[in-house]
Amino acid sequence: MTIVAAAKTRTAEEITAAISAGIQIIGENYVQEAEGAINSLGDKARWHFIGHLQLNKVKKAVELFDLIETVDSLELAEAINRHAMTAGIIMPILIEVNTARETTKHGVLPEHLKNLAESILKLQNVRLEGLMAMGPHPESGDLRSCFAETHRLYNQLKTDFPDANIHYLSMGMSDSYQTAIEEGANLVRLGTAVFGLRPAKPAFPSL
Ligand SMILES: *Cc1c(COP(=O)(O)O)cnc(C)c1O
């Protein structure tokens with residue numbers, strides 16, 4: 001069980017404190033925001049990209065990150081593959097799966113997972129290492145059954161592709177990690193549980 005400290009909006013000082021407390025992986029949602037932190041703290045942690053990756057940010061993401069958790073299309077995987085080839089590296093990735101089946105969520109639908117994985121496994125400069133999923137919106141789905149379904153897909157992926165190096169199941173956040181771990185997560189992405197509540201924006205910033 002490994003914690004990814006989700007560091008969006010956190011300062012380099014807060015990230016440094018988390019690393020001093022034993023955190024080994026930092027998750028970042030935005031390439032731009034991560035660049036400063038990675039340039040100053042880079043070798044003190046491993047860096048996972050956990051946001052939605054736009055095609056025009058792939059080159060920078062490949063240069064900065066150790067693993068990209070949110071690959072959900074062949075187009076994106078191919079772009080990562082191209083830039084990794086240019087950089088002379090093999091980029092570890094996870095496929096984001098939309099087990100919650102919410103149209104507002106990113107991620108490949110479960111019925112398209114096997115095809116996407118099969119295509120990605122043919123790429124020379126990416127290495128598929130597992131799955132990532134977001135929990136459902138509380139009103140629209142059951143957390144536990146969503147995580148259980150993702151675990152089932154993860155096991156199926158290992159069975160379908162026994163030679164691939166599938167070993168990460170990334171699911172669960174601060175309010176859901178207990179359930180996620182019970183349902184098989186081995187990477188949990190914690191923001192507030194590690195860093196505390198994000199400060200609320202002042203209602204009247206000009207005052
Ligand atoms: C912010 C974020 C998290 C952590 O959320 P918390 O509720 O603060 O624990 C996890 N995963 C992703 C993709 C995030 O954007």
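Net charge of the neighbourhood of Glu102, taken over other residues with C-beta under 14 Å away and scored Lys/Arg +1, Asp/Glu -1, is -3.
Remark: the stretch 43-50, residue by residue, has Karplus-estimated 3J(HN,Hα) of 7, 8, 8, 9, 10, 10, 8, 10 Hz, where x stands for each Gly or Pro and the curve is 6.51 cos²θ - 1.76 cosθ + 1.60 at θ = phi - 60°.
All other residues with a Cβ under 9 Å from the Cβ of Pro136 taken together, and with Lys, Arg as +1 and Asp, Glu as -1, what is their net charge?
Net local charge, Pro136 excluded: -1.
Computed from the alpha carbon atoms alone, the convex hull of the stretch 1-144 holds 124 Å³ per residue.
Across Ile3, Ile90, the residue with the most accessible area heads the list, and the full order at a 1.4 Å probe is Ile90, Ile3. Scattering from the stretch 58-207 was approximated by placing one identical point on each alpha carbon and applying the Debye formula without solvent; log10 I(q)/I(0) at 0.10, 0.20, 0.21 1/Å stands at -0.39, -1.21, -1.28.
Using Cα springs under 10 Å in a Gaussian network model of the chain, which residue among Gly184, Gly88, Gly135 shows the largest mean-square fluctuation? Looking only at Gly184, Gly88, Gly135, the largest GNM fluctuation is found for Gly88.
Computed per residue of the chain from DSSP H runs no shorter than four, each worth -39500 (n - 2.57), the mean residue ellipticity at 222 nm is -11000 deg cm²/dmol. Measuring only protein heavy atoms, the 1.4 Å probe finds Arg101 accessible over about 130 Å².
Expressed as a whole percent, the accessible area of the stretch 65-207 that falls on carbon and sulfur atoms is 52 (1.4 Å probe). At a probe radius of 1.4 angstrom, the accessible area of the chain per residue rounds to 51 square angstrom.
The values are calculated or read from the model by the stated rules, or taken from the named source; none is laboratory data. The model shown is predicted, which means the values in this text are computed figures rather than measured ones. FYI the Cβ positions are ideal-geometry reconstructions off the backbone, even for glycines, and counts take in every protein chain you see. Each accessible area value is taken on the protein alone, full model and side chains, heavy atoms only, with ligands, DNA and RNA left out. Shrake-Rupley method; radii C 1.70, N 1.55, O 1.52, S 1.80 Å.
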